[in-house]
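Asker: The structure follows.
The values are calculated or read from the model by the stated rules, or taken from the named source; none is laboratory data. Quick caveat: nothing in here was measured; it's all calculated off a predicted structure. Glycine gets a Cβ as well: all are built from the backbone with ideal geometry, and neighbour counts include every protein chain shown. Just the protein is used for accessible areas: all its heavy atoms, side chains included, with ligands, DNA and RNA removed. Shrake-Rupley method; radii C 1.70, N 1.55, O 1.52, S 1.80 Å.
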Amino acid sequence: MKTINDFAVSGLRVLVRADLNVPLDGDRIADDGRIRASLPTLTALASRGAKVIVCAHLGRPGGKPDPRYSLAPVAVRLGELLGQRVNLAADTTGPAARAAVAAIRPGGVVMLENLRFNEGETSKDDAQRGLFADQLAALADLYVDDGFGAVHRKHASVYDVATRLPHAAGYLLQAEVTALSQLTTGVRRPYVVVLGGAKVEDKFASIGRLITSADRILVGGAMAFPFLVAQGHKVGTSRLAADEVDAAAGYLDLAGAKIVPPPDLVVATELAADAHHQVVAADAIPADQMGLDIGPAAAARFAAAIGEAGTVFWNGPMGVFELPPYAAGTRAVARALTASGAFTVIGGGDTGAAIRALGFSDGAFGYVSTGGGASLEFIQGLTLPGLAVLEDR
């Protein structure tokens, strides 16, 4: 892949696809880690006299404008971190965007409104996606992809624009590929993978591939419940992806003791900080209660496995870390990684947000990736459209 160092960018309109899909609490940014990660590329381009056009998505607005998903708070925060005003266009490729781009001076930065306000961004129809890509490409002279968190999507701003413009990888994209490549070749063993989080359907299929590469797979969060059911346990009112139970049973048959579900959990009557909660064995979850965190025995078992590892990849919190009664499992795993002598990688925005919310710095880990699904697909050796299209063959 060519990088931004391979281009003389002074005076050029440079369209930068960033990953600014940050968690919001109302209109307040709860974690600005992804914005900070974009700074090296944006700062370098601006300092070299480029006219920088930032494009990104936020949430899933469904292909139409929705004020709840406006990038306005992101533009404000980015401007604060860059030390210069970042004007937000009122649309993505319409009159406001074209006017904003026309007004940029060398070294200036503008941001287009949420890419997913246009249904062409995520369309599976090549022609519809291509039309939107044409409109984006018309705004720029050079395309730079620095949004690693989206490179596993064949979206207009990730894939199609790169086929229409000279293209390069940004510094963050380079760093992600360099770090994650250490999990695909020459891996230090034992190799331990920790999987959690609430988005079970998005990552469950990855387990089948990881079984062949990992030495141990520790499972927490909502990922654990299909395995517990497959083992014959009841999970009460826990968040269960019921259609994954058969797959979980197959994984257990294939991998045996390599897959480690939690032996105990913290359960509660409802998802609330003040709800009655207790620690129970994994085979004793009350019918009217839900699992919201791994228990202390699970935390100890997971920490012991991490302590023996040569490499650890962690994707997904162990519980609802945002609420104090259910944060101990995630904190215990994070602490075990920081104490480990292994090469440790935090994979994903949710996990990165979790460690920072619990008081851990990014520097305490080997590498903190900005991509959840993207990092998980990369370490499986899958082809990521946004990376493949940047490669000049």
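Asker: Report the charge-dipole magnitude of the chain in Debye, nearest 20, computed about the Cα centre from +1 at each Lys and Arg Cβ and -1 at each Asp and Glu Cβ.
Answerer: Dipole size: approximately 920 debye.
Asker: Work out from phi, with θ = phi - 60° and the Karplus expression 6.51 cos²θ - 1.76 cosθ + 1.60, the ³J(HN,Hα) of each residue of region 185-190, listed in order in whole Hz, and give x for Gly and Pro.
Answerer: 9, x, 5, 6, 10, x
Asker: Right, something else. What is the set of long-range amide H partners of Val260 at a cut-off below 5 Å, with H atoms built 1.01 Å from backbone N?
Answerer: Amide H to amide H, under 5 Å and 5 or more residues apart or across chains, Val260 pairs with Ile217, Leu218, Val219.
Asker: Using a 1.4 Å probe on the protein heavy atoms, what percent of the accessible area of the chain belongs to carbon and sulfur?
Answerer: Carbon and sulfur atoms account for 51 percent of the accessible area of the chain.
Asker: For helix 328-339, report the angle its Cα long axis makes with the longest principal axis of the Cα atoms of the chain; keep it between 0 and 90° and round to the nearest 10°.
Answerer: 70 degrees
Asker: Can I ask one more? Treating cross-link reach as a plain straight distance, find the aspartates and glutamates whose alpha-carbon is under 17 Å from the alpha-carbon of Lys124, omitting any fewer than eight places away in the same chain.
Answerer: Qualifying aspartates and glutamates at Cα under 17 Å: Asp134, Asp160.
Asker: With label points built 7 Å along Cα→Cβ from the Cα atoms of Lys258 and Ala198, find their separation and express it in nm.
Answerer: 3.1 nm
Asker: With every protein chain kept in place and ligands, DNA and RNA left out, what is the accessible area per residue of the chain? Probe 1.4 Å, answer in Å².
Answerer: 40 Å²
Asker: Near the amide H of Val16, under 5 Å away, which other amide H atoms are found, from residues 5 or more places off or on another chain, if H is placed in the peptide plane?
Answerer: Ile53, Val54, Cys55, Val144
Asker: Ok, one more. For semi-axes √(5λ) of the Cα gyration tensor in Å, one of (1) 54, 33, 23; (2) 32, 28, 23; (3) 39, 22, 19 was computed from the structure I shared and the rest are decoys. Which label?
Answerer: (3)
Asker: Could you tally the net charge around Arg239, taking each other residue with its Cβ under 12 Å from the Cβ of Arg239, Lys/Arg +1 and Asp/Glu -1? Show your work: numbers first, answer last.
Answerer: Values: positive: Lys199; negative: Glu201, Glu244.
After counting each charged neighbour, the total is -1.
Asker: Another question, then. Step through the residues of region 173-180 one at a time and calculate ³J(HN,Hα) from phi using the Karplus curve (6.51 cos²θ - 1.76 cosθ + 1.60, θ = phi - 60°), rounding each to whole Hz and writing x for Gly and Pro.
Answerer: Calculated HN-Hα couplings, in order: 4, 4, 5, 4, 4, 4, 5, 6 Hz.
Asker: Using θ = phi - 60° and the Karplus form 6.51 cos²θ - 1.76 cosθ + 1.60, what ³J(HN,Hα) does each residue of region 7-23 get, whole Hz, x for Gly and Pro?
Answerer: 10, 8, 9, 4, x, 7, 7, 10, 8, 9, 7, 9, 9, 10, 7, 8, x
Asker: State the answer as a single residue: which of Ala100, Ala140, Leu71 lies farthest towards the positive end of the charge dipole of region 46-158, with beta carbon charges of +1 for Lys and Arg and -1 for Asp and Glu, about the Cα centre.
Answerer: Sorting the options by dipole projection puts first Leu71.
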